[in-house]
Amino acid sequence: MAALLLERPRSAAARIVAALDTADLSRAERLAEALAPRCGLLKVGLELFGAAGPEAVRRIGARAPVFLDLKLHDIPNTVAGAVRALSPLGPAMLTLHAAGGAAMLEAAREAAERAGGRRPALLAVTVLTSLDSAALAATGVADAPVAQVLRLARLALAAGADGLVCSPREVAPLRAEFGPAPFLVVPGVRPAGSAAGDQARTATPAEALAAGADWIVLGRPVTGAADPAAAAAAIAAGIAG
Ligand code: C5P
C-alpha cells in the first residue's frame, strides 16, 4: 500500500488549513508566502484551480503541503482518471463526494494506490457545511444532517476513504462511532465575532478541535483580514493548549 504524504498535525498552527479562494494566482502566492509559516496546509479549491489549473498546485505546493479541494463526484472511471491525473501534482489531501457512492470511492483509492510514490489522503465530503436541515431536505434527504453525515461516513470509510470532511457539529458523533483513526477535516469554522457568510453549520476553532477535529479549514476569516498572517497567528494562539 502506498504511504500517505499527509502527517498528523503536531502544533496548533499545523491544525489550520487556509483556503486560498481567489482567481488571482499572484494574490494566492502572496497569501501562501504569508500564511505558510502559520498553517499546516494551504487549500487550492475550485476557484483557484479553475483560474490557474495544475500550476496553482505546483506554486502553492512549493511553499506548504496542499489540500486540493476539487470535490470530485462522477462515475468511477472518470474519478479514477482524475485521481491519476492529479496525484503527480503531489497534493497531501484530495477531496471527493461521499455521495458519489462506494464504487466511485473504491476506484479513487485504487487509482491513488497505483499512481506510484506517496499518495494524497482521500477525504470524503459528507454534507456540505452550507446546508441546513431545510436545504438538505430539499435535496430529498429527510434525515437531520448528522444522520446523513454518519450514513455517508460509514459508506466512505468502508470504501477506502482516509478521512472525512464534515461540519464542526458532526465531529463528536463521528469520533464516537469511528474512534481516532479517520482524518476529520472541518470547514464552517468561525472565530467568535466573524461573519458566517454562506456557512450554516458552524462553530469556533476551539469548539471544532475540542470535539475531535484534526484540521480546521478557514477561508474568509483569514484571507479577508487586513493582515491574514496576523489573523492566522491569532487563531493558532487561541487554540494552543
Ligand atoms: O471562507 P470560508 O471559511 O467559509 O471557506 C471555507 C472553505 O472550505 C471554502 O474553500 C469551501 O470550499 C470549503 N469547504 C466547505 N464545506 C465543505 C467542504 C469544503 O466550506 N463541506
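What follows draws every value from the coordinates through simple rules; no lab data is involved. Computed from a predicted structure; not experimentally measured. Neighbour counts are summed over all protein chains in view; Cβ atoms, including those assigned to glycine, are modelled from backbone coordinates with ideal geometry.
For residue 164, the amide hydrogen comes within under 5 Å of the amide hydrogens of 124, 183, 184, 185, counting only partners 5 or more places away or on other chains and with H modelled in the peptide plane. Ratio of Rg to Rh for the chain: 0.94 [Cα atoms; Kirkwood radius as inverse mean 1/r over pairs].
In this label model, residue 30 and residue 234 are separated by 2.0 nm, measuring between points 7 Å along each Cα→Cβ vector. Sequence-ordered 3J(HN,Hα) estimates for the stretch 171-179 from the Karplus curve with 6.51, -1.76 and 1.60 and θ = phi - 60° stand at 4, 4, x, 5, 4, 4, 8, 10, x Hz, glycine and proline given as x. Shown here for the stretch 102-157: trypsin sites (Lys or Arg not before Pro) in loop regions (DSSP other than H, G, I, E, B) with at most 16 other Cβ atoms within 10 Å, namely 118.
Ranked by the mean number of other Cβ atoms within 10 Å of their residues, highest first, the peptides 41-49, 165-173 come out as 165-173, 41-49. Backbone geometry of the stretch 200-211 corresponds, through the Karplus equation with coefficients 6.51, -1.76 and 1.60 at θ = phi - 60°, to 3J(HN,Hα) couplings of 10, 10, 10, 7, 7, x, 5, 5, 4, 6, 4, 6 Hz, x marking Gly and Pro. The order of 11, 133, 87, going from fewest to most other C-beta atoms within 10 Å of their C-beta, is 11, 133, 87. Inter-part distance, the stretch 207-241 to the stretch 128-176, computed on C-alpha centroids, equals 23 Å.
Once C-alpha pairs closer than 8 Å and six or more residues apart are averaged by separation and normalised to the residue number of the chain, the relative contact order reads 21 percent.
Residues whose amide H comes within less than 5 Å of that of residue 70, counting only those at least five positions distant or on another chain, are 95 (H built at 1.01 Å from N in the peptide plane). Projecting the Cα atoms of 80, 117, 70 onto the charge dipole of the chain, computed from C-beta unit charges around the Cα centre, puts 117 farthest toward the positive end.
Averaged over residues, the count of other Cβ atoms within 10 Å places the peptides 186-194, 213-221 in the sequence 213-221, 186-194, highest first.
For the chain, adding -39500 (n - 2.57) for each run of n ≥ 4 DSSP H residues and dividing by the number of residues yields -12000 deg cm²/dmol at 222 nm.
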